[in-house]
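The structure appears below as structure tokens.
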Amino acid sequence: MSRHSRPTPNRVAPTCALLAVVALGVACQKPAPPPAPKPAAAPVLRRPTSTLFDHSLVPDLPARPRQDCSPEALMAVARHVGEMENIAVLPFTKPRAKGKLHQETQCPTPEAALVAAEAKGPLPERVSACMSQDGPYDAEWDMVNSAVISLAVCLDCARPKDDRMARCQRVADVVKRAEQTVKSRLGK
């Protein structure tokens, strides 16, 4: 057989049949169904949270206002912590008849419960906002933060009474030292 010989019907018929089957198979395929429409997403309600940054990273959320970290604000917060300590220590120092210490049946007292709620809520957040600012009063803000942590221990009724009394005394000492340091630096 030569190179230029005509194809015989025995060769052409199977080739044409194969092409016809492939063409028919491609033409008869069902198109893929369109993707199901996605339900409309409900708007996400974002609750503003406090952050460690003074600018808003998310455009929808407002930036947290910068706290006043001045020496006057430090003195006010320190006095407030000292007043809270005075309320926390009342059950230990309130005399009963014949000079005995008052034994509270309810721990914490209603007044101490209010102090505890603030000592575990907004007060640590307020103090921590002024810590590590590379400001001139960082050490004093750290002292007040330490006093707030000790105040929470002072109010913890699950701890032994002696430990609580020692922590209450520590709060008073640290607050007094912080106030004295600020006053001496301000020249008052």
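What follows is calculated from the coordinates using simple rules that are stated; it is not laboratory data. What you are looking at is a predicted structure, and each value in this text was computed from that prediction instead of being measured. Because the Cβ atoms are built from the backbone with ideal geometry, glycine has one as well, and the counts that use them run over all protein chains shown.
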Under the Karplus relation with 6.51, -1.76 and 1.60 and θ = phi - 60°, whole-Hz ³J(HN,Hα) for segment 122-127, x at Gly and Pro, equal x, 5, x, 5, 5, 5
Between LYS176 and ARG66, the two model label points (7 Å from Cα along the beta-carbon direction) sit apart by a distance in nm of 3.5
Karplus-derived 3J(HN,Hα) from phi for segment 158-167 (6.51 cos²θ - 1.76 cosθ + 1.60, θ = phi - 60°), whole Hz, x at Gly and Pro, runs 6, 8, x, 4, 5, 5, 5, 5, 5, 5
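What is the order of SER128, SER150, SER184, fewest Cβ neighbours within 10 Å to most?
SER184, SER128, SER150
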Going from the fewest other Cβ atoms within 10 Å to the most, one would list ASP173, ASP134 as ASP134, ASP173
Residue span ARG185 to ALA13: 0.36 nm per residue of separation minus Cα-Cα distance leaves a gain in nm of 51.3 nm
Expected sort for ARG167, ARG159 with the fewest Cβ neighbours (10 Å cutoff) up front is ARG159, ARG167
Here the gain from full extension of LYS38 to GLU83, 0.36 nm per residue of separation minus their alpha-carbon distance, amounts to 10.4 nm
